[in-house]
There are 2 protein chains.
Amino acid sequence: MPAEQAVVPVSDRGFLYGDSIFETVRAYGGKAFAGADHYQRLAESAKSVGIALPFGKSAFLTILDELLAANDLLDAMVRVTVSRGSGPAPVPDPSGCHSPTVVAMARPAPRLDEATWSRGIGAVVVPVQSTPKAVLNPTVKSGNFLSHILAIVHAKAHDTGEGAVEAILLDSKGRVAEGAVSNVFGVWNGTLNTPAADGDILPGITRKLVLDLARSLSIPVREGAISGLDLGDADELFVTNSGWEVMPVTRLNGVVLADGRVGPITRRLHEAYQKKVMASC
Amino acid sequence: MPAEQAVVPVSDRGFLYGDSIFETVRAYGGKAFAGADHYQRLAESAKSVGIALPFGKSAFLTILDELLAANDLLDAMVRVTVSRGSGPAPVPDPSGCHSPTVVAMARPAPRLDEATWSRGIGAVVVPVQSTPKAVLNPTVKSGNFLSHILAIVHAKAHDTGEGAVEAILLDSKGRVAEGAVSNVFGVWNGTLNTPAADGDILPGITRKLVLDLARSLSIPVREGAISGLDLGDADELFVTNSGWEVMPVTRLNGVVLADGRVGPITRRLHEAYQKKVMASC
């Protein structure tokens, strides 16, 4: 149905409490990219918060295919949200909530041309701390997004350039955790660095893909702590998610990095990623 | 309209991201209790997250009155949710979202009889940490409720009795922060203790009312740190929110406290609160 006709009850716990999980899947040429990986993560999110997924992997992939076909979409983003549904009463206790709500929505997402990509985006280190594990399992991609939303608002207010901006969140020890909607990578002395997957981060599907590509290209890789203070000294910076793919960061905290040029490791990974995309569709 | 016909678009950011704020207001005899205080807090939540409230105090109070009247409700709970509405695209960046969604929903909530009240409820200290200020302003009553929901699930699984259970969250230093849906009070040696309002807590409207009542009754009051380890030694424990009012905690971590009897300070505050309720309607 047209997105503007799709509704959920006001009693839906996704609306009342952010009591939901979701995935955002990239599609190229009408085909979902890394769909099985997204299903796997959704299943893990569901298990962690105690929502019984009402579909298996093949049904999930079919939903993606059918939604793309019904909308005549080739290059697109599909968001699949699964909320805990409505309970007997609008109270936080989820007892008696056994009918999850599933919403899949698609929108066109043209592939970036080379000129746009190579301009990169801005990033701002924000005074919003990443959510500690002890509060909420950060590997759950949940509908509790408010702190990241406010992080983005802060980042946009402190960037100096045009176009997209990402917020970079640090953990309680001042180490880089993640972007508001991405994972963060930096290159120092030829080594690709990214925060370890067991930190207070959501280790993205694109993050893993990029690490695999880096290793296959024999680029030295280190998954470990990065001080927020060291970010500005990086030779190259980029962020990843399924929509941005490998996206250069060419401004940090309002300062243009390396004359705004994209570094060689970022470019190699971008090209390898594009090959993978081309091979998929 | 009937609650089951009330819907929001799937693109509503309340549903997609928990990008919303809310208040839960108690009504007695068809009149909202402490309605102006709830408006004040809602306005502060709205300011903190950057949602422009589409109504002022008198309109808010009118919404409550009219909803109660339209539903022929005397003793009731009203939840007013204000989400950031739908944006131009379903992405976390809230730019271009200028039409908040307002949903007010009411349900009957009979007043507790004395026998039910004096049985109290169970409480369980859970391994879910309260959200640090650096992550999200805890005084914002927002639609990001997932960690508290999981706290309740844990508490229910670890209680031994019948009836309601509250989860008690500690902060990163092991100090009592708050209940999942309440504020926590304990009595030691005749002094009423509750975590200070500037901790990682949402200082409730009922909490403030109860502190005011305690002071007017010349009960010694201390707002300050309470170690989670000391809770079991309290002479009396209770929790407060607009629905539970002053609710005795008669089981902690599955162990019955003081033979399940309600302590004298809890009872005095309960009686004073009831007088206030009676005077309001």
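Give me the residue from the range A:28-38 that is over 20 Å from B:V91 (Cα atoms) and not in a loop (DSSP other than H, G, I, E, B) and, out of that set, farthest from the other protein chains (Cβ to nearest Cβ).
A:A36
What are the residue pairs meeting all of these: first residue in the range B:78-89, first residue at the interface with another protein chain (Cβ under 9 Å from one of its Cβ atoms), second residue β-branched (V, I, T), Cβ atoms under 6 Å, and 6 or more apart or on different chains?
B:R79/B:T24; B:T81/B:V103; B:S83/B:T101; B:R84/B:I51
Quick one: A:V25 ticks every box in (1) under 22 Å from B:A89 (Cβ atoms); (2) in a helix (DSSP H, G or I); (3) more than 11 Å from every other protein chain (Cβ to nearest Cβ); (4) of a type outside the set (S, T, N, Q) bar one, so which box is it?
(2)
Which members of the range B:1-41 meet the condition of being at pLDDT below 95 and among the acidic types (D, E)?
Residue satisfying the conditions is B:E4 alone.
Considering only the range A:1-22, how many residues are touching a Ser or Thr at 6+ places or on another chain (Cβ under 8 Å) and part of a strand (DSSP E or B)?
Selection size over the range A:1-22: 6.
If you take the residues of the range A:190-207 that are charged (D, E, K, R) and part of a loop (DSSP other than H, G, I, E, B), which of them is surrounded by the fewest Cβ atoms within 10 Å (Cβ to Cβ)?
So the residue we want is A:D198.
Kindly list the number of the only condition in (1) more than 26 Å from B:L61 (Cβ to Cβ); (2) away from chain A (no Cβ under 11 Å) that fails for B:H98.
The number of the failed condition is (1).
Looking at the range A:52-63, can you tell me whether even one residue there is within 14 Å of another protein chain (Cβ to nearest Cβ), outside any helix (DSSP H, G or I), surrounded by fewer than 24 Cβ atoms within 10 Å (Cβ to Cβ) and not hydroxyl-bearing (S, T, Y)? Walk me through how you get there before you give the answer.
Initial filter on the range A:52-63 (within 14 Å of another protein chain (Cβ to nearest Cβ)): A:52.
This time we only want the ones that are outside any helix (DSSP H, G or I), so: A:52.
If we keep only those that are surrounded by fewer than 24 Cβ atoms within 10 Å (Cβ to Cβ) as well, we get A:52.
Filter again for not hydroxyl-bearing (S, T, Y), leaving A:52.
Yes: one or more hits.
Please go through the range A:112-131 and pick out each residue that is under 18 Å from the mean Cα position of the chain (by Cα) and either modelled with pLDDT of 95 or more or not in a loop (DSSP other than H, G, I, E, B) (or both).
Initial filter on the range A:112-131 (under 18 Å from the mean Cα position of the chain (by Cα)): A:112, A:117, A:120-126, A:128-131.
Across the range A:112-131, the qualifying residues are A:W117, A:G120, A:I121, A:G122, A:A123, A:V124, A:V125, A:V126, A:V128, A:Q129, A:S130, A:T131.
Checking B:A36 against (1) of a type in the set (G, A, S); (2) within 30 Å of A:A157 (Cβ to Cβ); (3) open to solvent by 40 Å² or more (accessible area, probe 1.4 Å): exactly one of these is not met. Which one?
All conditions are met except number (2).
So, in the range A:140-196, of the ones that are of a type in the set (G, A, S) and modelled with pLDDT under 95, which residue ends up farthest from B:L16 (Cα to Cα)?
That would be A:G161.
Can you tell me which of (1) in a loop (DSSP other than H, G, I, E, B); (2) open to solvent by less than 50 Å² (accessible area, probe 1.4 Å); (3) within 13 Å of chain A (Cβ to nearest Cβ) is the one B:G161 doesn't meet?
Among (1) in a loop (DSSP other than H, G, I, E, B); (2) open to solvent by less than 50 Å² (accessible area, probe 1.4 Å); (3) within 13 Å of chain A (Cβ to nearest Cβ), B:G161 violates only (3).
Could you list, in sequence order, all residues of the range A:141-158 that are open to solvent by 20 Å² or more (accessible area, probe 1.4 Å) and within 9 Å of chain B (Cβ to nearest Cβ)?
The first filter runs over the range A:141-158 and keeps only residues open to solvent by 20 Å² or more (accessible area, probe 1.4 Å), leaving A:141, A:144-145, A:148, A:150, A:153-154, A:156-158.
Once the filter is applied, which keeps residues that are open to solvent by 20 Å² or more (accessible area, probe 1.4 Å) and within 9 Å of chain B (Cβ to nearest Cβ), the range A:141-158 yields A:N144, A:F145, A:H148, A:L150, A:V153, A:K156.
The values are calculated or read from the model by the stated rules, or taken from the named source; none is laboratory data. This is a predicted model, so every value here is computed, not measured. Because the Cβ atoms are built from the backbone with ideal geometry, glycine has one as well, and the counts that use them run over all protein chains shown. Accessible surface is based on the protein model in full, side chains and every heavy atom, while ligands, DNA and RNA are left aside. Shrake-Rupley method; radii C 1.70, N 1.55, O 1.52, S 1.80 Å.
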